[in-house]
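Below is one structure, written out as C-alpha cells; the observations come after it.
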Amino acid sequence: MTSVVIAQCSFCSKPNTEVETLVGGPGVFICEGCVQLCVTVIEGKPADAPLIAPWEHDLPLEQVLSNLSPVAAATAQVQQNLAAWVGKARSLGGTWAQIGQALGMTRQSAWERFSGEA
Ligand SMILES: [Zn+2]
C-alpha cells in the first residue's frame, strides 16, 4: 500500500491507502472488498433474476435520497478522471481537434470543457 491517495473505489469510496488493490476501469475503480461482495452477489443470484436498473427497484424515499450523494461522488470522480486523461493526451502532443474527435465533440467544445481557459 502507498501512503499517497491516487484514487478511490467507485463503489465504497475507500482510497487506495486503505485497500490492498484498486482495479481501474474507464474512469472508475473497484477495491478487492467490493470485488468480493460482487462475487457473493453473483454466486447468490437466482438464474432467473430479472435485470432491472437499481433505481427501478421498489425503494423508500430515504434510501433513494441516500444514494444521491454516492452517485454524485462517482460522477465527480469520473469527470476528474476524464480531465486527467485529456491532460495526458495534451502532454503527449494531442490537439484539441484530436481530443474532440475522440470524445465525439468539436475541437471548440473540447477546449472549452477541458482547457481551463474558457
Ligand atoms: Zn470498494
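The values are calculated or read from the model by the stated rules, or taken from the named source; none is laboratory data. Here the structure is a predicted model, which means the values were calculated and not measured. Just the protein is used for accessible areas: all its heavy atoms, side chains included, with ligands, DNA and RNA removed. Shrake-Rupley method; radii C 1.70, N 1.55, O 1.52, S 1.80 Å.
Quick notes on this one:
- For the chain, the 222 nm mean residue ellipticity estimated from helices alone, with every DSSP H stretch of n ≥ 4 adding -39500 (n - 2.57) and the total spread over all residues, rounds to -16500 deg cm²/dmol.
- Over segment 1-47, relative contact order from alpha-carbon pairs under 8 Å, at least 6 apart, %: 28 percent
- Gain on full stretching of the segment that runs from V4 to V28 - 0.36 nm per residue minus C-alpha separation: 6.8 nm
- Taking all protein chains as they are arranged and a probe of 1.4 Å, the heavy atoms of L103 leave approximately 70 Å² accessible to solvent.
- Estimated at 0.36 nm per residue, the fully extended path between L61 and Q98 surpasses their Cα-Cα distance by 8.9 nm.
- In the full protein context, the chain carries 74 Å² of accessible surface per residue, based on a 1.4 Å probe and ignoring ligands, DNA and RNA.
- Fully extending the segment from I52 to V71, taken as 0.36 nm per residue of separation minus the present Cα-Cα distance, adds 5.1 nm.
- Exposure of R107 as accessible area (Å², to 10), given a probe of 1.4 Å and all protein chains: 120 Å²
- Between the Cα long axis of helix 32-44 and the first principal axis of the chain there is an angle of about 50°, rounded to the nearest 10.
- Built from the Cα atoms of the chain, the convex hull projects on average onto 10.7 nm², one quarter of its surface area.
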